[in-house]
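Comments concern the structure below.
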Amino acid sequence: MPRSARTSFGSLHNVVQVWLAEHRRVAIQQPGAGERAFARHVEIFEAIKAGDAEAAEAAVTAHLQETIDA
């Protein structure tokens, strides 16, 4: 990968990380948010443990959508 591409990707990654950190900080303050996030993580883990890629993908997608909507 050319250096300019790595630099651009690194910059984009940093911006996304900052945005995600702020969003998580705000979202976790919503009532029940921690419990919902924990339940989703358990669902994701169980799907991976069972080797069910489709269920894991669905659980991750649902978790991310809930996080975005928070």
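The values are calculated or read from the model by the stated rules, or taken from the named source; none is laboratory data. As the structure is a prediction and not an experimental result, all values here were calculated from the model. Neighbour counts run over all protein chains shown; Cβ positions are idealised from the backbone, glycine included.
Could you list, in sequence order, the residues of segment 23-40 that are surrounded by fewer than 10 Cβ atoms within 10 Å (Cβ to Cβ) and not basic (Lys, Arg)?
Listed by number, the residues that qualify are PRO31, GLY32, GLU35.
Please count how many residues of segment 1-18 are modelled with pLDDT under 85 and either among the charged types (D, E, K, R) or under 14 Å from the mean Cα position of the chain (by Cα) (or both).
2
Looking only at segment 29-53, how many residues end up being more than 20 Å from ASP69 (Cα to Cα), more than 17 Å from the chain's Cα centre (by Cα) and of a type outside the set (Lys, Arg)?
Total satisfying the criteria: 3.
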